[in-house]
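The values are calculated or read from the model by the stated rules, or taken from the named source; none is laboratory data. Keep in mind the model is a prediction, meaning the values are calculated, not measured. Backbone-built Cβ (ideal geometry, glycine too); neighbour counts: all protein chains shown.
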């Protein structure tokens, strides 16, 4: 029989594996809030395991301890190392807290430094229930993205509330026709409805902070792709004009071909992968416009 403390040390691994299986099952079938919350829990447990392992290695000789642990991984779950799990938990909390603070500071920095102006909400789109700002900012890049800020105070709002922000560059606004602008705003509204600004932007920040972690990078890339396709479909349903969004994507893709490394945003994860996925998104939107759901060609 294992001592109770050893069983307790195995609990994070069991829960992590169970969460990972749940994430795999939910990835294609469930709504984004379910998937993103499972992903956040999965990465929180992964951070606990990774930081605990790091603490164990540092406490047991560094490089030589890595070889020892590789040969006998169950050493980590010995009851004599229970205290190290506490330190690992503290480390995981610090990593996640830092990523959250950085994510919020970056968002607030955008609003302060980019010279934003308020844009009228498109008349053809439903206004979100929560506070949502639609803003334009000065940039030569054709770009759009959204994120969530936590704000404190405010009459009648309790001591804190969420503020959803949708940002569109003036370069993007100038290049698009009115129906294409509406489609882009609808796409970003799809991100807002899916809680991407609360979870996905946080995971992206965490991934940038931990560039050495391939699991986090892979998970973030997959979630980003999934949410871009889903937001495209949400925009098509809201506007009933999937071809307008396809045209907007095409125009942005042409502009960013001259940019060696566009930032994550309207083209998904950014870079060459974002441009490749944009072409696939355009194909899907054209197919959607020609489907029976949207009344055939001319959607």
- Message: Going through 163, 187, 191 one at a time, which residue ends up being over 24 Å from residue 252 (Cβ atoms), in contact with a strand residue (DSSP E or B) (Cβ under 8 Å, 6 or more places away or on another chain) and crowded, with 17+ Cβ neighbours inside 10 Å?
- Response: 163
- Using the structure shown, decide if residue 117 is closer than 22 Å to residue 225 by Cα and either more than 17 Å from the chain's Cα centre (by Cα) or surrounded by 17 or more Cβ atoms within 10 Å (Cβ to Cβ) (or both). no
- Message: Can you pull out every residue in region 96-110 that is closer than 20 Å to residue 164 by Cβ and buried (at least 17 other Cβ atoms within 10 Å of the Cβ)?
- Response: 99, 103, 104, 107, 110
- Query: Going by the structure shown, is residue 211 out of contact with any strand residue (DSSP E or B) (no Cβ under 7 Å at 6 or more places or on another chain), modelled with pLDDT under 90 and over 24 Å from residue 170 (Cα atoms)?
  - Reply: yes
- Message: Checking the structure you have, find out if any residue of region 133-141 is touching a helix residue (DSSP H, G or I) at 6+ places or on another chain (Cβ under 8 Å), over 30 Å from residue 55 (Cα atoms) and surrounded by fewer than 13 Cβ atoms within 10 Å (Cβ to Cβ).
- Response: yes
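One line per residue, one yes/no per condition, for (1) surrounded by fewer than 20 Cβ atoms within 10 Å (Cβ to Cβ); (2) at pLDDT 85 or above; (3) within 20 Å of residue 125 (Cα to Cα); (4) under 13 Å from the mean Cα position of the chain (by Cα):
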residue: 221; (1), (2), (3), (4): yes, yes, no, yes
residue: 224; (1), (2), (3), (4): no, yes, no, yes
residue: 232; (1), (2), (3), (4): no, yes, yes, no
residue: 235; (1), (2), (3), (4): no, yes, yes, no
residue: 240; (1), (2), (3), (4): yes, yes, yes, no
residue: 243; (1), (2), (3), (4): no, yes, yes, no
residue: 259; (1), (2), (3), (4): yes, no, no, no
residue: 286; (1), (2), (3), (4): yes, yes, no, no
residue: 289; (1), (2), (3), (4): no, yes, yes, no
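Which residue out of 35, 93 is surrounded by 15 or more Cβ atoms within 10 Å (Cβ to Cβ) and either in contact with a strand residue (DSSP E or B) (Cβ under 6 Å, 6 or more places away or on another chain) or part of a helix (DSSP H, G or I) (or both)?
35
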- Could you tell me whether residue 126 is at pLDDT 90 or above, loosely packed, with under 15 Cβ neighbours inside 10 Å and under 24 Å from residue 234 (Cβ atoms)? no
- Query: Quick check: anything in region 83-90 within 19 Å of the chain's Cα centre (by Cα), outside any strand (DSSP E or B) and at pLDDT 85 or above?
  - Reply: no
